Amino acid sequence: MEERAEWELVVIGGGSAGLVASRTAASFGADTLLIEGDRLGGDCLWTGCVPSKSLIAAASALTIARNSPHFGVEADAVELDFAAAMRHVHSAMHTIAPVDSPEVLALAGVEVLRGHARFTGPRSLNVEGREIGFGQVIIATGGSPAVPKIDGIGSVEVLTSATVWDLTALPERLVVLGGGAVGCEIAQAMARFGSVVTIVHRGDRLLVKEAPRASAIVQAALEADGVTVLTGRQAASISGDGDGDGDRDRRGLGGGDGDRDRRGPGGGRSGAVTLDDGTVVPFDAILAAIGRAPNTGSLDADRAGVELDEAGNVVVNARLRTANPRIWAAGDVTPLPKFTHTAGMNGSIAASNAVLGLFRTIDSTAVPRVTFTHPEVGSVGIVQADAAAQGLIARTIEHEHVDRAIAEGAIGGYTQLLVDKRGKIRGATIVGPRAGESLGEVSLAISRGLTTSDIAGTTHAYPTFSDAVWNAAVADVRARLNQGATKVATTALRRLRRWRLRRWRLR
Ligand SMILES: Cc1cc2nc3c(=O)[nH]c(=O)nc-3n(C[C@H](O)[C@H](O)[C@H](O)COP(=O)(O)OP(=O)(O)OC[C@H]3O[C@@H](n4cnc5c(N)ncnc54)[C@H](O)[C@@H]3O)c2cc1C
Ligand SMILES: NC(=O)c1ccc[n+]([C@@H]2O[C@H](COP(=O)([O-])OP(=O)(O)OC[C@H]3O[C@@H](n4cnc5c(N)ncnc54)[C@H](O)[C@@H]3O)[C@@H](O)[C@H]2O)c1
């Protein structure tokens with residue numbers, strides 16, 4: 001690395017937020033140093049989006065093959081090769097990884113330093129013994145999976161989203177703690193592979209941030225795939241079958257031989273969990289998916305005057321500036337929504353504010369999110385629970401009336417737009433195949449203040465799932481035509497037209 005007394009901008013953390021922040025800063029010509037303590041690409045590439053969506057794709061392929069007789073396609077023996085499915089997961093990660101290699105970043109003007117960074121003062125960092133001076137810093141150190149504090153948790157190897165991708169054998173019985181996005185996505189994929197999966201969820205419904213109807217549809221879909229969903233409960237204690245120190249091969253973690261995982265006592269990952277209502281659920285593997293904790297524990301943020309909240313998140317204002325005006329933060333290390341797209345977007349905002357002195361602020365009105373279960377749940381803007389309080393009107397299209405859904409035999413979902421009095425789209429929920437793809441249009445509409453007339457007046461290709469968005473907008477426009485001043489105007493225009501037509505006839 002080039003030696004300098006001071007770097008114009010240092011970015012700590014090479015995940016989604018840090019990568020976008022450093023590339024943005026370098027594109028403005030700033031001397032940019034990116035410090036990464038582990039692997040460039042971060043959670044999204046190595047332990048989050050990419051492996052989970054690859055696992056889901058493998059499980060979908062299996063389910064489609066099994067359901068093919070419905071479409072008149074007979075497949076004799078549909079078999080799972082779990083080790084091959086996991087090879088697909090790792091191959092996807094390694095295919096994407098080179099995009100963010102130090103060599104590619106260097107071409108973009110970003111210098112990469114490997115090592116763990118911590119603050120030594122308001123304008124200095126230490127990376128593995130090396131002092132680094134900075135003009136400004138963007139903290140993008142992300143988060144790590146939280147592990148619950150439960151009696152006996154040390155007696156068993158608890159999988160998390162950081163380690164589950166190293167499984168080489170399918171656990172026969174899997175307990176998933178937590179019914180958020182991580183829990184639902186992985187539980188469904190593993191159940192489709194053939195694991196007997198139980199979700200233990202503290203909340204009263206899965207995916208609690210989504211509309212209750214969306215939660216109910218996802219729960220029914222998971223149950224149809226064989227998942228047992230226990231809501232309103234949590235683990236009280238865990239007991240491992242063995243001594244808890246089984247080696248990696250016996251646990252089916254890394255380097256195993258791919259055999260179906262059947263560990264007896266002493267295996268280290270099997271055991272039983274006792275819930276707070278006394279229910280006992282035995283397992284061959286247990287996955288904690290109860291949220292994430294920010295990576296600020298060893299950052300020595302206080303030495304730089306950076307304020308943390310009670311949960312350890314870096315406190316930022318709407319411009320993503322911390323309590324130290326030279327230090328900014330973006331991504332999962334902040335209390336903002338934890339998604340790759342928000343990490344990237346906010347990384348770009350932090351970098352442009354830091355380097356160019358702009359006053360860009362984060363947009364919290366149109367943050368889309370998609371849970372990639374089958375069916376997918378996509379939502380953006382205001383959710384249904386808050387709609388009534390804000391006087392919004394819901395326009396809902398059931399997918400049983402969407403031709404593409406009928407053609408694909410996937411009619412269980414719905415598309416709902418939440419619209420204000422003037423026809424402005426303020427929120428949406430889509431439950432169904434490719435909901436995430438249909439959501440883009442609604443996100444644009446909300447962020448640009450578009451109305452249902454704008455969507456209704458835009459030709460949409462047929463037959464697509466985005467037809468449902470179009471039809472919901474058309475339904476809103478039609479309903480408005482029958483109301484108030486619009487009704488008066490259309491009635492007057494129609495009468496005028498009829499009068500003119502009558503006069504033409506008389507000529
Ligand atoms: C199972 C799972 C599935 C997910 N699926 C999706 C999805 O489908 N869509 C979506 O939008 N989001 C998804 N997410 C969330 C998404 O992965 C995160 O929101 C996103 O990756 C956060 O990016 P980040 O840059 O803030 O943090 P990270 O990606 O965690 O990057 C932080 C980086 O900082 C490094 N670091 C930490 N401390 C230091 C230090 N002191 N010095 C140097 N380096 C340091 C770390 O090694 C890491 O590489 C998923 C998450 C999980 C767990
Ligand atoms: N498709 C996506 O975009 C995607 C996918 C996965 C993860 N993510 C991101 O990753 C983050 C973490 O996801 P997550 O699912 O781990 O967290 P989460 O916070 O979304 O959900 C965890 C759930 O577990 C429950 N819970 C907490 N402690 C529990 C306990 N001891 N026992 C049982 N239940 C318990 C909580 O009530 C909560 O609803 C999310 O914030 C999300 O933004 C996004």
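The values are calculated or read from the model by the stated rules, or taken from the named source; none is laboratory data. If you're wondering where the values come from, they're calculated on a predicted model, not measured in any experiment. A quick note on method: Cβ atoms are made from the backbone with ideal geometry, for glycine too, and the neighbour counts reach across all protein chains shown. SASA here: full protein model, heavy atoms, side chains in, ligands and nucleic acids out. Shrake-Rupley method; radii C 1.70, N 1.55, O 1.52, S 1.80 Å.
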May I ask you to list pairs of residues, at least six apart or on different chains, whose Cβ atoms are under 6 Å apart, with the first in region 281-303 being of a type in the set (Asp, Glu) and the second being open to solvent by 10 Å² or more (accessible area, probe 1.4 Å) and modelled with pLDDT of 95 or more? Asp284/Glu172; Asp284/Arg173; Asp300/Arg118
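Checking the condition part of a helix (DSSP H, G or I), among the aliphatic types (A, V, I, L, M) and more than 18 Å from Ser195 (Cβ to Cβ), which residue from Val73, Val99 passes?
Values: Val73 fails: part of a helix (DSSP H, G or I).
Within the list Val73, Val99, the selection yields Val99.
Here is a yes/no grid of residues against (1) in contact (Cβ under 8 Å) with a residue 12 or more places away in the chain; (2) farther than 13 Å from Leu33 by Cα:
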| site | (1), (2) |
| --- | --- |
| Ala75 | no, yes |
| Glu79 | no, yes |
| Val89 | yes, yes |
| Pro98 | no, yes |
| Pro102 | yes, no |
| Ala106 | no, no |
| Arg123 | yes, yes |
| Gly135 | yes, no |
| Ile138 | yes, no |
So, of the residues in region 203-247 that are acidic (Asp, Glu) and either modelled with pLDDT under 95 or assigned by TED's automatic domain parsing to the domain that holds Ala410 (or both), which turns out to be nearest to Val280 (Cα to Cα)? Asp241
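Taking region 341-368 as the search range and keeping residues that are open to solvent by 50 Å² or more (accessible area, probe 1.4 Å) and within 16 Å of ligand 2 (Cβ to nearest atom), which one is modelled with the lowest pLDDT?
Ser364
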Residue under evaluation Glu437, criteria (1) of a type in the set (Asp, Glu); (2) more than 24 Å from the chain's Cα centre (by Cα); (3) within 20 Å of Ala214 (Cβ to Cβ), criterion not met: (2)
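Out of curiosity, is Glu131 loosely packed, with under 13 Cβ neighbours inside 10 Å, assigned to a strand (DSSP E or B) and at negative phi? Break it down stepwise before answering.
On the way: loosely packed, with under 13 Cβ neighbours inside 10 Å: yes; assigned to a strand (DSSP E or B): yes; at negative phi: yes.
Yes, satisfied.
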Does region 310-363 hold any residues that are away from ligand 1 (no atom under 16 Å from the Cβ) and free of Cβ contacts under 8 Å to residues at least 40 places away in the same chain, and which are they? Glu310, Asn317, Arg321, Ala323, Pro325, Asn353, Gly357, Leu358
Of the conditions (1) open to solvent by 20 Å² or more (accessible area, probe 1.4 Å); (2) assigned to a loop (DSSP other than H, G, I, E, B); (3) not hydroxyl-bearing (Ser, Thr, Tyr), Leu40 clears all except one; give me its number. (1)
Has region 26-34 got at least one residue that is open to solvent by 20 Å² or more (accessible area, probe 1.4 Å) and either under 30 Å from Pro375 (Cα atoms) or within 12 Å of ligand 1 (Cβ to nearest atom) (or both)? no
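So, Arg426, is that one in a helix (DSSP H, G or I), of a type in the set (Lys, Arg) and surrounded by 14 or more Cβ atoms within 10 Å (Cβ to Cβ) or not? Walk me through it before giving the result.
Values: in a helix (DSSP H, G or I): no; of a type in the set (Lys, Arg): yes; surrounded by 14 or more Cβ atoms within 10 Å (Cβ to Cβ): yes.
In short, no.
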